[in-house]
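Here is the structure we will look at, set down as structure tokens.
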Amino acid sequence: MDILNHVAQSVANGLLIGSVYALISVGLTLIFGVMNIVNFAHGEFLMVGMFGAYFASTAFGLDPLWIAPLIGIAGFLLGALVERTIIEPIIKAPQSAQIIATVGLGIILANGAAAIFGNNFLSVKTPYQGETFSLFGLHFAATFVYAAAYAVVMAVLLALFLNKTRFGKAMRATAQNRGAAQLLGIDPKRMYMVAFGLGVALVTLAGSVILPYTLVYPFIGQQYVLIMFTVVVLGGLGSIRGAIIAGLVVGVIQSLSTLLLPSELQNLPVFIVFFIALVLISGGVLSRVRNASVKLKRS
Amino acid sequence: MRSLPTSRPWRIAFYLVALAALFLAPVYLQSSYSVRILVLVCLFGAASTGWNLIGGYANQISLGHTVFFGIGAYATVIFQGTLGLSPWLAIPTGIVLAVIVALLIGWPTFQLSGHYFALATLALLPVFHIIATYWEDLTGGSVGISVPILPSGLDTLQFDTPTPFFYIAAVLLVLVMILARWVRQSVLGLQLDAIRLNPQASTLAGVNQFRAKMKALVMSAAVVAVAGSLYGAFLQFMDPDTAFSWNTTLNLVLFAMVGGVRFWWGPALGALILIPFGEFASAQLTGNLAALGQLAYGVLLILLVLFQPRGIGGLFSIVWQKATGRKL
């Protein structure tokens, strides 16, 4: 019974953290889906969001959870600016150029933060940091619950945007077939700018949301890179629904692994999942599973 | 047919002068500090040339080559520091381990097109950092391993001055550059070129992309592992942050990009320019400003991609073509 309780608690924690993983990764997969570019600076944009929230919190006493939407809007503008200046010229360049450019962007962001804030671990204080909720004999840290709630709200808003608005539909059309979308009068450049801005907005907002339970320092993006890539690859590059499910899966796996492994090693099983996902994709297993499920739906 | 020289004797003369300039460097650079920097130029130049075999020739960007470098480096310090064995035995061990990792990462990712290779290699880095930090029995954990001071000589790779080590590093650089030149002009080099220029067409032309990329990756990993082994011997110390640092990956990519990824001498040229510059910058910039040197690296990468993707080698070849009317 005790073990069962441990496992249940661990799965619940994993779902909470996993929804945050989905939130930090969904922008990466959105950018890839629309623009066919892997943004290697995505972890650094998370860091920018965290520092933005840290600055707002220490300078103006604002709670990171309240300031998060503003951080997201600022992130959108930053992302749109970056897209116009750096990404737009290389959108048709070879993949290697895109990798190098976004890696270079990440270096600039991380070291820019290091030059301004120094190479220190920083954190914010919020009144709810010690609070926990209890439900069915399980306990949840308030900071994680609020972050997960944000993730759910953002997922719903993103789904509404992509499925119900004209602009969102145009963006999906661009993702599916750039040429056909252009023939129908959709300006792909505008879609790229908005998609990149939206991707950055989501991850900077996420940075603000996770700040109450974690530390921030200029090179923290590196720590999240593995998780982001695992989520995006496992969910299928470019699939938003896939990324959300994969985020939850990765969170649960990581959380369950702490029952067996020291918590410092919790990224090791994540990497193993990542590697297995790669092997499965290269063997065509995942696409076969997907095709099979499509057939099931039809019948 | 590419790169017919203007005349063969001239080219051989140029190579001889360059070799003499390299091997006589300790004579005209009198401070041992400069020689130490030259050792770094040779080791990282060799490693970057190794990266370029897959990253530049085939345009398959690896962001995890530090892993091969770190494996080689740890092999040396574990052999010398913990086991009391010769560093010369560590070099083949490092090669074997690096090649195994390379096969494991290449096998699934090279069957896929697109971004998977870059993603997978980047994910490799934090994993090896974790392993090196928590497998304390093997690696000494986050404290690292130091090699005790041994009698100096070729068998221990420890010397009283940096000059003998420089000659070893220079020999490595020359050998690696010969390998890079040979690959460039071999059938494999042509296949990699085809993959870089047009993957679909290369398959139509009968290139087995998977095999060509795997061959290049294995060679690349082996070269970088040897450079790492010598780096471990040179520092006589290794810890997870030194072995598996993101900066090493970055440097390997940057040297190749600056020098010119399409040229077998490009990465070495990049290292020769950027390492002394980096040493100078890090001596001038301290505290928070130290980050500015790195920031400049990022800016340089983006500027290169946007305006001069072929690097200094590209500029040089344009000038060469104007002057001689022939392609470099």
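Quick notes on this one:
- Only one of A:VAL279, A:VAL231, A:VAL250, A:VAL270 that is within 14 Å of another protein chain (Cβ to nearest Cβ), surrounded by fewer than 22 Cβ atoms within 10 Å (Cβ to Cβ) and closer than 27 Å to B:SER113 by Cα: A:VAL279
- A residue that is part of a loop (DSSP other than H, G, I, E, B) and within 14 Å of chain A (Cβ to nearest Cβ) cannot be found anywhere in region B:80-92.
- Pick from region A:116-135, criterion of a type in the set (A, V, I, L, M) and over 16 Å from A:GLY221 (Cα atoms), ranking: farthest from the other protein chains (Cβ to nearest Cβ): A:LEU135
- Region A:47-84, residues that are under 17 Å from A:LEU105 (Cβ atoms) and at pLDDT below 90: none
- Residue satisfying all of: in region A:234-246; buried (at least 20 other Cβ atoms within 10 Å of the Cβ) and outside any helix (DSSP H, G or I); nearest to the other protein chains (Cβ to nearest Cβ) among these: A:LEU237
- Region B:219-291 holds helices (runs of 4 or more DSSP H) entirely within its bounds, and those carrying 2 or more residues that are without any contact (Cβ under 8 Å) to a residue 12 or more places away in the chain and either within 11 Å of chain A (Cβ to nearest Cβ) or over 13 Å from the mean Cα position of the chain (by Cα) (or both) map to B:266-284.
- Subset tally (residues that are within 25 Å of A:GLY238 (Cβ to Cβ), surrounded by 20 or more Cβ atoms within 10 Å (Cβ to Cβ) and not small (Gly, Ala, Ser)) for region B:80-109: 3
- As a summary of the residue check, A:LEU109 satisfies the conditions (1) in a helix (DSSP H, G or I); (2) crowded, with 17+ Cβ neighbours inside 10 Å; (3) more than 14 Å from every other protein chain (Cβ to nearest Cβ); (4) not small (Gly, Ala, Ser) except for the one numbered (3).
- Some residue of region B:217-224 being crowded, with 20+ Cβ neighbours inside 10 Å, among the hydroxyl-bearing types (Ser, Thr, Tyr) and farther than 21 Å from B:ALA102 by Cα: no
Conditions (1) closer than 24 Å to A:ALA155 by Cα; (2) in contact (Cβ under 8 Å) with a residue 24 or more places away in the chain; (3) in contact with a Leu (Cβ under 9 Å, 6 or more places away or on another chain); (4) part of a helix (DSSP H, G or I), marked per residue:
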| residue | (1), (2), (3), (4) |
| --- | --- |
| A:MET228 | yes, yes, yes, yes |
| A:VAL232 | yes, yes, yes, yes |
| A:LEU248 | yes, yes, yes, yes |
| A:GLU264 | no, no, no, yes |
| A:PRO269 | no, no, yes, yes |
| A:VAL273 | yes, yes, yes, yes |
| A:ILE281 | no, yes, yes, yes |
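- Among the residues of region A:99-113, those identified as modelled with pLDDT of 85 or more and within 15 Å of A:MET35 (Cα to Cα) are A:ALA101, A:THR102.
- Selection of first residues in region A:117-137 that are closer than 18 Å to A:ILE210 by Cβ and of second residues that are β-branched (Val, Ile, Thr) and part of a loop (DSSP other than H, G, I, E, B), restricted to Cβ pairs under 9 Å at least 6 apart or on distinct chains, gives the following pairs, ordered by first then second residue: A:PHE121/A:ILE220; A:SER123/A:THR214.
- When region B:58-103 is filtered for residues that are aliphatic (A, V, I, L, M) and farther than 29 Å from B:LEU157 by Cβ, the ones remaining, listed by number, are B:ALA58, B:ILE61, B:LEU63.
- Residue match in region B:33-47 (condition: within 14 Å of another protein chain (Cβ to nearest Cβ), in a helix (DSSP H, G or I), under 19 Å from B:TRP246 (Cα atoms) and modelled with pLDDT of 90 or more): no
- Filter result for the condition that a residue is crowded, with 17+ Cβ neighbours inside 10 Å and out of contact with any Ser or Thr (no Cβ under 6 Å at 6 or more places or on another chain), over B:LEU154, B:LEU204, B:LEU172: B:LEU172
- Answer residue from region A:138-147, given it is touching a residue at least 24 places away in the same chain (Cβ under 8 Å) and either within 14 Å of another protein chain (Cβ to nearest Cβ) or within 24 Å of the chain's Cα centre (by Cα) (or both) and is farthest from A:GLN222 (Cα to Cα) among those: A:PHE140
- Scope region B:150-174; condition touching a residue at least 40 places away in the same chain (Cβ under 8 Å), of a type outside the set (Ser, Thr, Tyr) and on the phi < 0 side of the Ramachandran plot; matching residues: B:LEU150, B:ASP155, B:GLN158, B:PRO162, B:PHE165, B:PHE166, B:ILE168, B:ALA169, B:ALA170, B:LEU172, B:LEU173, B:VAL174
The values are calculated or read from the model by the stated rules, or taken from the named source; none is laboratory data. Please read these numbers as outputs of a predicted model, since none were measured by experiment. Neighbour counts run over all protein chains shown; Cβ positions are idealised from the backbone, glycine included.
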